[in-house]
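The values are calculated or read from the model by the stated rules, or taken from the named source; none is laboratory data. In this text, all values refer to a predicted model and were calculated from it rather than measured experimentally. Because the Cβ atoms are built from the backbone with ideal geometry, glycine has one as well, and the counts that use them run over all protein chains shown.
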Amino acid sequence: MIFDAIAFDADDTLWDNEYLYTQAKARFAGMFSDCCSQEACLQRLEEIESHNVRYYGYGIKSFILSMIEAALELSGGQAPAEVITSILATARQMLSADVLLIDGVGETLEALAQRCPLMLITKGDPSEQRPKILHSGLSGYFRWVEVVHEKTPEVYRAILERCGLRPERFLMVGNSLRSDILPVLAIGARAVYIPYADTWSHELVDEDPVGEYTTLENLRLLPGYVEKLMQDS
Ligand SMILES: [Mg+2]
């Protein structure tokens, strides 16, 4: 095997996640439709959300704090209690949503786990990410599970060092160029980008990064891709 480990991002790589945020944002914009266009409302929420990541990190509870902040701002400090109550109800719905696996996840992990140790690397709030990992039913496929605050080259380097893995024999698979691809290429490892239809704008990058990464249309193509790499090496 040419890899000592193949690592996967979780949200929107193994299971659907962004749709929860998209639905919540549409509901939020609906609450302010009489004073603000949907576009302007969502743009302001997005700005507040991206700004607050540095304070609250990623995840639903962070997102909800930003929605409350946006609601107060858009209402000129006059947001009624029903609006805040509705936002909090949205949070509970999001936190208790079922984990919906992306097509082909089980077969893909099953095939690859027979060839190579697998790792899960997800960023976010551990109190949100750990239950999703448990409820996904996928835990058994992973030798290592890492929940990190941010996905930077330093964070990836530290994980590899701790697990005794070499970058040149490490492959990361994910849907975010910003989090799963660029920092992995920066430490000299390989990456496979599997685009997701509805990726949060924060995870996009302005320019397509130049580097040695491969784009696959879906997860089902991954075992064949790894097989081909092994034949070619
Ligand atoms: Mg992701």
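Below is a table of values for the structure above.
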read-out: Meets criteria (at pLDDT below 95 and either surrounded by 15 or more Cβ atoms within 10 Å (Cβ to Cβ) or under 19 Å from ALA5 (Cβ atoms) (or both)) for ARG169; value: no
read-out: Only one of ALA40, ALA24, ALA7 that is in a strand (DSSP E or B), small (Gly, Ala, Ser) and either more than 12 Å from the chain's Cα centre (by Cα) or within 12 Å of the ligand (Cβ to nearest atom) (or both); value: ALA7
read-out: Total residues in the range 153-178, condition outside any helix (DSSP H, G or I) and either in contact with a Cys (Cβ under 9 Å, 6 or more places away or on another chain) or more than 15 Å from the ligand (Cβ to nearest atom) (or both); value: 5
read-out: Candidate set from the range 24-76 (those that are over 30 Å from ARG130 (Cα atoms) and hydroxyl-bearing (Ser, Thr, Tyr)); member that is modelled with the lowest pLDDT; value: SER33
read-out: Of all residues in the range 125-152 being assigned to a helix (DSSP H, G or I) and among the small types (Gly, Ala, Ser), the one that is surrounded by the fewest Cβ atoms within 10 Å (Cβ to Cβ); value: GLY140
read-out: Which numbered condition GLN78 fails, given (1) farther than 30 Å from LEU222 by Cα; (2) assigned to a helix (DSSP H, G or I); value: (2)
read-out: Checklist (1) assigned to a helix (DSSP H, G or I); (2) buried (at least 19 other Cβ atoms within 10 Å of the Cβ); (3) of a type in the set (Val, Ile, Thr) applied to THR122, failing item; value: (1)
